[in-house]
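Computed from the coordinates by the stated procedures, all read-outs in this text should not be read as laboratory data. It should be emphasised that the depicted structure is a prediction, and the values quoted were computed from it without experimental measurement. No Cβ is skipped: glycine too gets one built from the backbone with ideal geometry, and neighbour counts run over all protein chains shown.
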Amino acid sequence: GAVVSQHPSWVICKSGTSVKIECRSLDFQATTMFWYRQFPKQSLMLMATSNEGSKATYEQGVEKDKFLINHASLTLSTLTVTSAHPEDSSFYICSARDTSNQPQHFGDGTRLSIL
Amino acid sequence: AQSVTQLDSHVSVSEGTPVLLRCNYSSSYSPSLFWYVQHPNKGLQLLLKYTSAATLVKGINGFEAEFKKSETSFHLTKPSAHMSDAAEYFCVVSVDDYKLSFGAGTTVTVRA
């Protein structure tokens, strides 16, 4: 149980385009979802926290107009990287949880490469 | 503020020998602590968690960790390493009710 599906797993696109990444909880209702960014050989850095039906809470230094997060249902959150540039290339990972006592369950990540 | 420090950036062991990954935590109250494993180009899988019940926590795949308040440590061990254990391991502390703070990670390599 507690499976989180992230799609796509790998995306390559040209500079200036926008990219949408989906995160779905397959067998539970995710009241809270998290988006992380991971650079090579580094740890995960929390970008934002989203609660279903509410605006996302962004961490300090994360541009909310650059990284648009939508959490419209209890099973789906999306991260859109708008007008992506090479410096946005990274590994993006989502996670989800249902109740406050449960650990976060992670998706398999999305490798984003901007040319 | 809650944080964790992983004392080893890289650990190399021979297959069949014990594995020890060290983690110290800093917390103003009794923390929730986790160990996650990440295989290449994959998300994170929960190995085990400590939430103030038993101090010795057993996880999946033969891993266990011991919470030592006097030493502010939460080291991860496995008695016999397997080739499939080669991965990145993260010690994690719950910052508040839902946010997580990650250690820098420890890369484990297993020699045949």
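Data for the structure
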| quantity | calculated |
| --- | --- |
| Trypsin sites (Lys or Arg not before Pro) restricted to DSSP loop in the stretch A:1-88 with at most 11 other C-beta within 10 Å | A:Lys14, A:Lys41 |
| A:Met47 long-range amide H proximity, modeled H, under 5 Å | A:Trp35, A:Tyr36, A:Arg37 |
| Vicinal HN-Hα couplings computed from phi for the stretch B:80-90 (Karplus, 6.51 cos²θ - 1.76 cosθ + 1.60; Hz; Gly/Pro x) | 9, 6, 10, 4, 6, 7, 5, 5, 9, 10, 10 |
| Under the Debye formula (equal points on every Cα, no solvent term), log10 I(q)/I(0) of the protein assembly as shown at q = 0.08, 0.12, 0.15 Å⁻¹ | -0.29, -0.66, -1.00 |
| In sequence order, calculated HN-Hα J values of the stretch B:51-66 (Karplus, 6.51, -1.76, 1.60; Hz; x Gly/Pro) | 9, 6, 8, 5, 6, 9, 10, 9, x, 7, 6, x, 7, 8, 9, 10 |
| 10 Å binning of all Cα-Cα separations within the stretch B:30-91, expressed as whole percents from 0 upward | 21, 54, 23, 3 |
| Karplus (6.51, -1.76, 1.60) ³J(HN,Hα), θ = phi - 60°, over the stretch B:2-11, in Hz, Gly and Pro reported as x | 7, 7, 10, 10, 8, 7, 10, 7, 8, 10 |
| Convex hull volume of the stretch B:3-45 per residue (C-alpha atoms, cubic angstrom) | 115 Å³ |
| Computed FRET value (nearest 0.05) for B:Ser84 with A:Leu115, which takes r as the C-beta separation and R₀ as 45 Å | 0.85 |
| Convex hull (Cα only) mean projected area of chain B, reported in nm² to one decimal | 6.6 nm² |
| Spin-label proximity, A:Lys14 to the stretch A:90-115 - amide N less than 17 Å from point 7 Å beyond Cα toward beta carbon | A:113-115 |
| Average beta-carbon neighbours from other chains, 10 Å sphere, peptide B:98-106 | 5 |
| Cysteines in chain A that, by Cβ-Cβ distance, have no pairing candidate under 4.7 Å | A:Cys13 |
| Lys/Arg +1, Asp/Glu -1 at C-beta; the protein assembly as shown dipole; positive extreme among A:Ser77, B:Pro18, B:Gln2 | B:Pro18 |
| More than 13 angstrom apart: percent of Cα pairs within the stretch A:12-52 | 69 percent |
| Where only alpha carbons of chain A are counted, the Rg and the Dmax (Å) | 13.3, 41 |
